[in-house]
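Written below as structure tokens is the structure these notes are about.
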Amino acid sequence: MSWILDEEVLAVLAAILVVSAVFAVAYTINYGRVVEPFSELGILGSKGKIGDYPREVLVGRPFPLNVYVGNHEGRAMFYKILVKHIPGSNVTPPIPVDPILEVRVILQHNSSRIIPIWITLYEPMVRSRLIFEMWVFNESIGGFAYKGIWNQLWLNVSSIPFVESPKPVEGVILSRYIEDRLVEGYRSVRRAEESGGDIAVMVGLLNEALKLAEMGDEVEADRMIDRILSMEPEISRIGLERSRMRMIYSIVACIAVASAIVFGFLYVKDRVWLWWVKLHRDWRMVCVEEGSKLEGLDKVIRDRVRRSDGCMLGEILSNLVVSYKPSMIAKTVYKLNRIGCLKLIDPDPPRSFLSFTFSRYNLGSITASTLMILCIVSIYTSNLSQVAAISRIMLGSIFVLFIPGYSLIEALYPRSRDLSPLERLALSVGLSLAIVPLVGLILNYTPWGIRLDPTIISLSILSATLLSISSYRKFRILGLEYKGEAGSLNHSR
């Protein structure tokens, strides 16, 4: 992991941190504002995945599908999906025919729902279209309006009769009274949301009321809507208070992050090098390339090591600290070791794979594993506090955009000299962007699908496996190196 200390890598990381800080400030200023709002409508097969769609169905036989609805509009939305069956044609929705099914759902911003449905077709038809139209409640007109989003399936409906008691379906036609009451509950949710309140409970209750109404229990649905209306004043009050505090916390956090970046690169950077020197103080240094042309401090250190025939890093530091800063000496030794002019030899290397796993040699795998654990913890505790939510974004970005690729690179190129530090950083990010979609594609064809838990488990197992392989390969390489050095020493004797 010492390649991160390379000056080029530190410069790139500094630029990334600065850009991240700018985005954090912009996010704080524009909190709750969506630049490009959009909604999602998808049709999934009977197992809740893309594909496995029916092509041939029988008249009167119910068949299952799943409707996916996603909300990224920046506010809570009341969706109505109208399912229509028409002959094959090039007619573009909205189509002026009565729907065979209505599916309703209320979603918060940045949330989605997969809704299972059963569809029964009673009219035989060759190459017919099953149209799914998205309608949303428009508060300005007080009714539902076509969103301009639709999807379709092509089907052949066989005329062979099939007698079976139809299965219950979701999305029945509701009475005008309960439809108006649901709209009243939705308006209450929107008022609480505009005040900055946490509307998760209200949205959950409203969807429960919708489900009860579709099952025919309009009395209980009406009572639940009354409960939603009674919750609005308190949730709105708490939301206004939290909005003010969130703005203050976010501004303070941005200032703290910016200060930490400046402090880190003005002070902590040198302290890291001093820490690196302490870790390697008793390590012996030997010259590897005698013919290298060096100047300045590089040449001074190389010449001293050559004359002393393998002195310790601590001795070099003690001799040169009068003329040079300790951090500068450490960086120079690190650079000479990186380019192969000098070699650092551990007087007490780990003898077993277990001791190697938890040693300084395996610091990269230890750090990556720790970040993975912290990311998983932050994901499942992000609803507890604002700090946990921010941590989820930061750690989640590292978990998705860096660790998978880093694990693969470390497994493929375990020697530090195989790649330059900047190449390792760039390949780690680039391969992560390739690995994560590939894992998602594979998950889509499994029973678990592309969901949060399977995705986290899959990426964690993949990264942990690659990190274990890289640790073992590094241990083998370390053992071979020290065996070679021991053989050379015995031969010289």
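Computed values, structure above
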read-out	value
FRET efficiency, 1/(1 + (r/R0)^6) with R0 56 Å, evaluated for Ser355 and Phe38 via beta carbons	0.55
Relative contact order (percent, whole number), segment 40-243, Cα cutoff 8 Å, 6+ residue spacing	22
Estimated inter-spin distance, Leu279 and Asn90, nm [label 7 Å along Cα→Cβ]	6.7
Segment Ser397-Ile461, extension gain: residue separation times 0.36 nm, minus the distance between their alpha carbons	21.3 nm
Linear extension gain, Asn207 paired with Asp52, 0.36 nm per residue minus alpha-carbon span	53.0 nm
Per-residue ³J(HN,Hα) for segment 78-94, Karplus 6.51 cos²θ - 1.76 cosθ + 1.60, θ = phi - 60°, Hz, x for Gly and Pro	10, 9, 9, 9, 9, 9, 10, 10, 9, x, x, 6, 9, 5, 9, x, x
Estimated inter-spin distance, Arg227 and Tyr445, nm [label 7 Å along Cα→Cβ]	4.5
Two-site FRET efficiency, Glu184 against Ser259, from Cβ-Cβ distance with R₀ of 45 Å, rounded to 0.05	0.40
Relative contact order for segment 351-492, counting Cα pairs under 8 Å that sit 6 or more residues apart, in percent	26
Segment 331-386 shape via C-alpha gyration tensor axes, a/c threshold 1.5	oblate
Two-site FRET efficiency, Val322 against Val286, from Cβ-Cβ distance with R₀ of 25 Å, rounded to 0.05	0.55
Net lengthening on full extension, His109/Asp348 (0.36 nm per residue, minus Cα-Cα)	80.4 nm
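Bear in mind these aren't lab numbers, they're just calculated from the coordinates by the rules spelled out. Given the structure is predicted, the values throughout are model-derived calculations rather than measurements. Every residue, glycine as well, gets a Cβ built from its backbone with ideal geometry; the counts of neighbours run over all protein chains shown.
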